Amino acid sequence: MGTFIIEGGHALKGDIHPQGAKNEALQILCAVLLTSDPVTINNVPDIIDVNKLIDLLSHLGVKVTKNGTSSYTFQADNVDLDFLQSEDYKILGRGLRGSIMLVGPLLARFGQGFIPRPGGDKIGRRRLDTHFEGFIKLGAKFRYNKEEYFYGVEAEELTGTHMLLDEASVTGTANIVMAAVMAKGITTIYNAACEPYLQQLCKMLVRMGAKISGIGSNLLTIEGVSELGGTEHRILPDMIEIGSWIGLAAMTKSEVTIKNVAYDELGLIPSTFRKLGITLERRGDDVYIPAHKDGYEIQNYIDGSILTISDAPWPGFTPDLLSIVLVVATQARGSLLIHQKMFESRLFFVDKLIDMGAKIILCDPHRASVIGHDFQSSLKATTMTSPDIRAGISLLIAALSAKGTSTIHNIEQIDRGYQNIDGRLKQIGAHIQRIS
Ligand SMILES: CC(=O)N[C@H]1[C@@H](OP(=O)(O)OP(=O)(O)OC[C@H]2O[C@@H](n3ccc(=O)[nH]c3=O)[C@H](O)[C@@H]2O)O[C@H](CO)[C@@H](O)[C@@H]1O
Ligand SMILES: C=C(OP(=O)(O)O)C(=O)O
């Protein structure tokens, strides 16, 4: 279990280059299984979850060539389907959430897809019904081994159909789209998730020969084709990482420029941080955050009532940034309510912030009310353990702003989604040390 030792209270200064998006990379990597031709992917982040998925692909027989630091070529021309039944597959598949998206492409191309219950953050129930209901509608037979938590779908042929998803699941939509691209006839998916991750996946599939319309909306129409070919794809900058850097800059009163953010893909992220009173300027495709020497003030609603920040399926505000918004609010001028609607166990980490001196009331598992200190009182350094990826980065932000030296254990949770976070923080002046 790795640990960070952080000496807080230092302002940071400099440029940050965001990594490629974790959640997009996981979809795109699974899509390489849809063709026997080479697929080149650029801007691949060097993070635990992505590296685990690349390892899984290579165990499946996919040829993996590293072209440079963040560029890979994959060729799935000799996939070992027997590996899907092996103990190793059960162990490796459980290691991350993104592995669930292997099922759709395997089903589409080879008529069979299996997966153990995938890993990922323990942030509440994470059901997979949407995925499997979609495959069943396309004509697949479903089986589930309850003892081993092992899911399977099989089909001699998939046939296009209309489906209304029971929820706009991000990985569920990606999985169903990848299954449908080579189904016979037309598939329409309503209540589809439409995050930039999904849009990027669909655009890549179109370049591979798929016929998809409605990209970016919640109604996708897919006309099945008989096969797909190779392509080259570039992963967008990670919008969750960009939001994390914005929060970190404000709370440590640091002057930071986040370079090449693909601003037009950030949706509500900039305006949500602005509602906390944080100044961020768009400069070309960069985001400049000045040092907030006089703090930042939370805006109320027009009628004077207290601001609520809550998550919603895209283009709503992403749930993956709520923990970061929460920690940043602990030093704001004013109060707000955080309402985490999607996940029921994602706010419990506020106990650690309360220990550090933050004024937070956890109203119930989904809602926390935060009363900002306006920097009149610093958070106190402490020892903590990172429970999940976004709580982990939030605790790291708290530690960087706190007085004294903090310790964060279980930093693998942070490493699974943030590339060389300590190295990049050091480059802009943070006092952080990794102990493995
Ligand atoms: C690898 C990956 O890409 N992970 C992301 C993906 O996970 P993942 O695809 O697993 O998440 P889903 O979109 O399936 O659902 C997330 C949670 O929200 C609930 N839900 C979802 C849609 C909806 O309309 N109503 C609703 O309540 C689900 O029941 C579930 O509890 O999307 C989540 C939601 O943006 C993100 O937090 C994860 O980082
Ligand atoms: C919840 C997250 O990831 P995963 O779905 O991989 O657990 C996240 O990225 O915030």
Residue, most open to solvent (accessible area, probe 1.4 Å), within region 60-77, restricted to residues that are in contact (Cβ under 8 Å) with a residue 24 or more places away in the chain and assigned to a loop (DSSP other than H, G, I, E, B): ASP77
LEU57 vs. criteria closer than 24 Å to ARG234 by Cα, out of contact with any Lys or Arg (no Cβ under 8 Å at 6 or more places or on another chain) and not in a loop (DSSP other than H, G, I, E, B): yes
Pairs, first of a type in the set (S, T, N, Q) in region 285-313, second in a loop (DSSP other than H, G, I, E, B) and open to solvent by less than 20 Å² (accessible area, probe 1.4 Å), C-beta under 9 Å, six or more apart: GLN299/LEU276; SER310/GLY316; SER310/PHE317; SER310/GLN340
Cβ-Cβ under 6 Å pairs, at least 6 apart or on other chains, region 98-118 side within 17 Å of THR35 (Cβ to Cβ), far side open to solvent by 20 Å² or more (accessible area, probe 1.4 Å) and of a type in the set (Val, Ile, Thr): MET101/THR171
Pair list, Cβ < 7 Å and 6+ apart or interchain, from region 229-246 residues that are of a type in the set (D, E, K, R) to residues that are assigned to a helix (DSSP H, G or I): ASP238/LYS22
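Among residues belonging to region 199-253 that are in a strand (DSSP E or B) and either within 16 Å of ligand 2 (Cβ to nearest atom) or among the charged types (D, E, K, R) (or both), point out the one that is nearest to LEU165 (Cα to Cα).
It comes out as GLU223.
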Selection count where residues are under 23 Å from GLU24 (Cβ atoms), open to solvent by 10 Å² or more (accessible area, probe 1.4 Å) and not in a helix (DSSP H, G or I), scope region 94-116: 3
Which numbered condition ILE91 misses (of (1) more than 16 Å from ligand 2 (Cβ to nearest atom); (2) open to solvent by less than 30 Å² (accessible area, probe 1.4 Å); (3) within 23 Å of the chain's Cα centre (by Cα)): (2)
GLY392, sole failed condition from (1) free of Cβ contacts under 8 Å to residues at least 24 places away in the same chain; (2) of a type outside the set (S, T, N, Q); (3) part of a loop (DSSP other than H, G, I, E, B); (4) in contact with a helix residue (DSSP H, G or I) (Cβ under 7 Å, 6 or more places away or on another chain): (3)
Region 281-331, residues that are in a loop (DSSP other than H, G, I, E, B) and within 23 Å of ILE389 (Cα to Cα): ASP311, ALA312, PRO313, TRP314, PRO315, GLY316, PHE317, THR318, THR330, GLN331
Residue within region 395-402 that is surrounded by fewer than 16 Cβ atoms within 10 Å (Cβ to Cβ), more than 16 Å from ligand 2 (Cβ to nearest atom), closer than 22 Å to GLU7 by Cβ and assigned by TED's automatic domain parsing to the domain that holds LEU321 present: no
Residue identified as free of Cβ contacts under 8 Å to residues at least 12 places away in the same chain and out of contact with any strand residue (DSSP E or B) (no Cβ under 9 Å at 6 or more places or on another chain) among ASP166, ASP264: ASP264
Test: residue in region 232-249 that is among the acidic types (Asp, Glu), surrounded by fewer than 16 Cβ atoms within 10 Å (Cβ to Cβ) and over 25 Å from ASN42 (Cβ atoms): no
Single unsatisfied condition, THR272 versus (1) open to solvent by 20 Å² or more (accessible area, probe 1.4 Å); (2) in the same structural domain as SER310 (by TED's automatic domain parsing); (3) hydroxyl-bearing (Ser, Thr, Tyr): (1)
Candidate set: region 323-346, residues that are without any contact (Cβ under 8 Å) to a residue 60 or more places away in the chain and under 21 Å from ALA250 (Cα atoms); chosen: the one most open to solvent (accessible area, probe 1.4 Å): ARG333
Checking ASP15 against (1) assigned to a loop (DSSP other than H, G, I, E, B); (2) open to solvent by 30 Å² or more (accessible area, probe 1.4 Å); (3) under 28 Å from ASP286 (Cα atoms), the condition it does not meet: (1)
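Per-residue answers, yes or no, for (1) outside any loop (DSSP other than H, G, I, E, B); (2) within 16 Å of ligand 2 (Cβ to nearest atom); (3) among the basic types (Lys, Arg); (4) open to solvent by 20 Å² or more (accessible area, probe 1.4 Å):
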| site | (1), (2), (3), (4) |
| --- | --- |
| ILE136 | yes, no, no, yes |
| GLU148 | no, no, no, yes |
| GLU157 | no, no, no, yes |
| MET163 | yes, no, no, no |
| ALA168 | no, yes, no, yes |
Filtered residue count, region 31-48, keeping only those that are more than 15 Å from the chain's Cα centre (by Cα), farther than 13 Å from ARG234 by Cα and surrounded by 19 or more Cβ atoms within 10 Å (Cβ to Cβ): 5
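The values are calculated or read from the model by the stated rules, or taken from the named source; none is laboratory data. Quick caveat, the model's predicted, so the values are computed rather than measured. Every residue, glycine among them, receives a Cβ derived from its backbone with ideal geometry; neighbour counts consider all protein chains shown. We work out accessible area using only protein heavy atoms, side chains counted, and drop any ligands, DNA or RNA first. Shrake-Rupley method; radii C 1.70, N 1.55, O 1.52, S 1.80 Å.
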